[in-house]
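The values are calculated or read from the model by the stated rules, or taken from the named source; none is laboratory data. On a predicted model such as this, the values are computed, not experimentally measured, just so you know. For neighbour counting, all protein chains shown are included, and Cβ atoms are generated from backbone atoms with ideal geometry for every residue, glycine included. We work out accessible area using only protein heavy atoms, side chains counted, and drop any ligands, DNA or RNA first. Shrake-Rupley method; radii C 1.70, N 1.55, O 1.52, S 1.80 Å.
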Amino acid sequence: SRGLGDVYKRQEEKKDDKKEEKKEKKKEEKKEVKKDDKKEEKKVEKKDDEKDAKKTEKKDGKKDEKKGEEKKDDKKEEKNVEKKDGKKKEEKKKGNKEKKDEEKKEEKEEKEEKEEKTRRMMMTTKRRKIKRRMKTRRMMTKEEKEDDKEEKKEKKDNNNKIVKKEKKDEDDEKKKEKKKDEDKKDDDDDEKKKDKKKDEDKKDDDDDEKKKEKKKDEDKKDDDDDEKKKEKKKDEDKKDDDDDEKKKDKKKDEDKKDDDDDEKKKEKKKDEDK
């Protein structure tokens, strides 16, 4: 059934209408035009792709060169950064005290600026009050003027007291800061002395250990020398014993020979007697 279906599909149907033929021709023409357009588009796309590939290759080559240069620069920067870090660490150790001193100076400057601003504000307010009083004085009586003078004196005294208190407070703060600085210096000196003592104790311990090691080495050498002497004595004793044994053997051999000679002489005498 499947094969028959394919056959029927492949068969050309006869069409009587001319309109349908025209439509088919138009469709075929459109299809051909579309195919040609697609082919041209593909060609254009291929050309564009080739151009883009060449451009990308050039860019990649340039990028690789740039990357190589960047790597070299990065290595140089890393070395410089390492050197800078080493220098920064040293500078940090040295600059901690400087930073603290700078912070203290900044705090003092801020306090002084605030005090100056307050003083300026006080001066401006005083000037305004003085102007107002000058206007009112013209209309004041003698008694009122005297009262005004007394009030001024009281205010001046109060202001002087306030200024004195502020100065005392500033002096007290300065003295406290000086004491703190002195205490810090004393603490730093104590720490330095402790560090020196520790270093000296370490050196003494190292020297003691070295002396002990030297003594041990010397004792080992002495023990080795004693052992060698003992071995030499043993070897000498063995040699002496060997020599004694050899002498004894020689004596025995000589005695045997003498005995043999005596026996031979006796035998000879016997033979002669016979």
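From the list Lys66, Lys104, the lone residue that is surrounded by 10 or more Cβ atoms within 10 Å (Cβ to Cβ), of a type outside the set (Val, Ile, Thr) and in contact (Cβ under 8 Å) with a residue 12 or more places away in the chain is Lys104.
Check the range 123-135 and report whether any residue there is open to solvent by 100 Å² or more (accessible area, probe 1.4 Å), part of a helix (DSSP H, G or I) and either of a type in the set (Gly, Ala, Ser) or at pLDDT 75 or above (or both). Yes, because at least one residue in the range 123-135 is open to solvent by 100 Å² or more (accessible area, probe 1.4 Å), part of a helix (DSSP H, G or I) and either of a type in the set (Gly, Ala, Ser) or at pLDDT 75 or above (or both). A single entry from Lys216, Lys194, Lys221 fulfils the requirement of being under 30 Å from Lys97 (Cβ atoms) and part of a helix (DSSP H, G or I): Lys194.
Asp171 fulfils the conditions (1) among the acidic types (Asp, Glu); (2) touching a residue at least 12 places away in the same chain (Cβ under 8 Å); (3) closer than 30 Å to Lys126 by Cα except for a single criterion, (2).
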